[in-house]
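The values are calculated or read from the model by the stated rules, or taken from the named source; none is laboratory data. Worth saying up front: this structure is predicted, and the values here are computed from it rather than measured. Reconstructed Cβ throughout: ideal geometry from the backbone, glycine too, with neighbour counts over all protein chains shown. The area values use the complete protein model at the heavy-atom level, side chains included, leaving out ligands, DNA and RNA. Shrake-Rupley method; radii C 1.70, N 1.55, O 1.52, S 1.80 Å.
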Amino acid sequence: MIASIEGLSVLVTGGSKGIGKGIAKAFAAAGARVTVVARTEASAMATVEEITRAGGTAMAVAADVTRRDQMDAAVAASVKTFGSLDVLCANAGIFPSAGLEEMTEEQWDEVMDTNLKGTFITVQAALPALKNSAAGRVVLTSSITGPITGFPGWSHYGASKAGQLGFLKTAAIELGKYQITVNAVMPGNIITEGLEDMGQDYLDQMAASIPLKRLGSTGDIASAAMFFASREAGYVTGQTIVVDGGQVLPESLEAVG
Ligand code: NAP
């Protein structure tokens, strides 16, 4: 285990469900103090209770990543309770499906506002606190969808996830002088409550197309996020890591067998 996670104050947006919940639980299990942020207070509280029952330290804050005032308040609550903010995991994201021909401007804007503008708002709100940390860390949750692959119904989503990576390169340069690193995890298909809703046939089909023959777990993504957050990764910035079981490697269906 990467020992330097212990004692860090970590804020995870979208920490109440799916990948964010997995990240929050993994950091807490490694001894970090975790602030779980989501719009729905009850589900953020449920994650905190799970962490607390397992012996970890966490608090819940209801906030919307598209609202600067709410993100300022979430960061302030984290600093007030835990004394600092060392690691920001900007993970909150939405992925409603809409074909390009029918997509409305409102649908486009909702995805961009949450996934891309929300990343900017979250990082900017956390900056004053991260600058006070000895080793501030920003870890974004992007995706393979957009930067590497496409999927029907997700042109807006793919654009938002690719946009995060454009954002991170300049952010990494600008924040380097504060010893803050900015990196991103690019998950493939990860088993979450949302993905499970797509049915067993979809899950089996996806697993068959992945060289490692399984979908990813939220823990797989958390491990990569924890590496970027660790002191050991202090000289790594502006980088991405694909965590997808090799999903983007095959050049045809025949290649995976
Ligand atoms: P999920 O299970 O649907 O969870 C999304 C989380 O984000 C929830 O905690 C949700 O809580 C929160 N959230 C949504 N909108 C928010 C907002 N405006 N402000 C604050 N919190 C908000 O999603 P997931 O599958 O874990 O995805 C998490 C991230 O991983 C996303 O950025 C997604 O693009 C990325 N990703 C996922 C996969 C995958 O296979 N699952 C693959 C690649 C990338 P509330 O609704 O209560 O706010």
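Using the heavy atoms of the protein chains and a 1.4 angstrom probe, tell me the accessible area per residue for the chain in square angstrom.
Heavy-atom SASA per residue in the chain reads 47 Å².
Could you work out the relative contact order of the chain, using alpha carbon pairs under 8 angstrom and six or more residues apart, expressed as a whole percent? Each step should come with its number before you reach the end.
Values: 536 pairs, mean separation 50.8, N = 257.
About 20 percent, as a whole number.
I'd like the accessible area for Leu253, computed on protein heavy atoms only with a 1.4 Å probe and all protein chains in place. Round to 10 Å², please.
Answer for Leu253: close to 140 Å² accessible.
Considering only protein heavy atoms and a probe of 1.4 Å, how much of the accessible area of the chain is carbon and sulfur, as a whole percent?
Ligands and nucleic acids excluded, carbon and sulfur reach 55 percent.
Relative contact order, percent, of region 60-161 when contacts are C-alpha pairs under 8 Å separated by at least 6 residues? Before the final figure, lay out each step's value.
Values: 139 pairs, mean separation 37.9, N = 102.
Across region 60-161, relative contact order equals 37 percent.
Taking 27 Å as the cut-off for C-alpha to C-alpha distance, list the pairs among Lys17/Lys213; Lys169/Lys213; Lys21/Lys80; Lys17/Lys117 that go past it. Spell out each step's value before the answer.
Working: Lys17/Lys213 24 Å; Lys169/Lys213 32 Å; Lys21/Lys80 22 Å; Lys17/Lys117 21 Å.
Cα-Cα > 27 Å for Lys169/Lys213; rest within.
Tell me the relative contact order for region 151-257 as a rounded percent, counting alpha carbon contacts under 8 Å between residues six or more apart.
On the way: 114 pairs, mean separation 37.0, N = 107.
That works out to 35 percent.
For region 54-153, what value does the Rg/Rh ratio take when both radii are computed over Cα atoms and Rh is the Kirkwood radius, given to two decimals?
On the way: Rg = 16.0 Å, Rh = 15.2 Å.
Radius of gyration over Kirkwood radius for region 54-153 works out to 1.05.
Pull out the extension gain between Ala134 and Glu110, defined as 0.36 nm times the separation in residues minus the alpha carbon to alpha carbon distance; nm, one decimal. Write out the running numbers ahead of the final one.
Working: separation 24, 0.36 × 24 = 8.64 nm, distance 3.53 nm.
Residue separation times 0.36 nm, minus the Cα-Cα distance, leaves 5.1 nm.
Normalised by the empirical 2.2 N^0.38 Å for globular proteins, what value does the Cα Rg of the chain take? The partial results should precede the final answer.
Working: Rg = 17.5 Å, N = 257, 2.2 N^0.38 = 18.1 Å.
Scaled against compact globular proteins, the figure is 0.97.
With every protein chain kept in the model, how would you rank Thr104, Thr47 by accessible area, 1.4 Å probe, largest at the top? Working shown, then result.
Details: Thr104 60, Thr47 0 Å².
The ordering from most to least exposed comes out as Thr104, Thr47.
Can you give the log10 of the normalised intensity I(q)/I(0) at q = 0.13, 0.22 Å⁻¹, computed with Debye over equal Cα scatterers of region 120-257?
Reported log10 I(q)/I(0), two decimals: -0.62, -1.33.
Once the dipole of the chain is set up with Lys and Arg at +1 and Asp and Glu at -1 on Cβ about the Cα centre, which of Pro147, Gln164, Ala129 lies farthest towards its positive end?
Ala129
What is the Cα centroid distance between region 125-167 and region 1-74, reported in whole angstrom?
Distance between centres, Cα-based: 18 Å.
Quick one: dipole size for the chain, taken about the Cα centre, charges +1 on Lys/Arg Cβ and -1 on Asp/Glu Cβ, in debye to the nearest 20.
1180 debye
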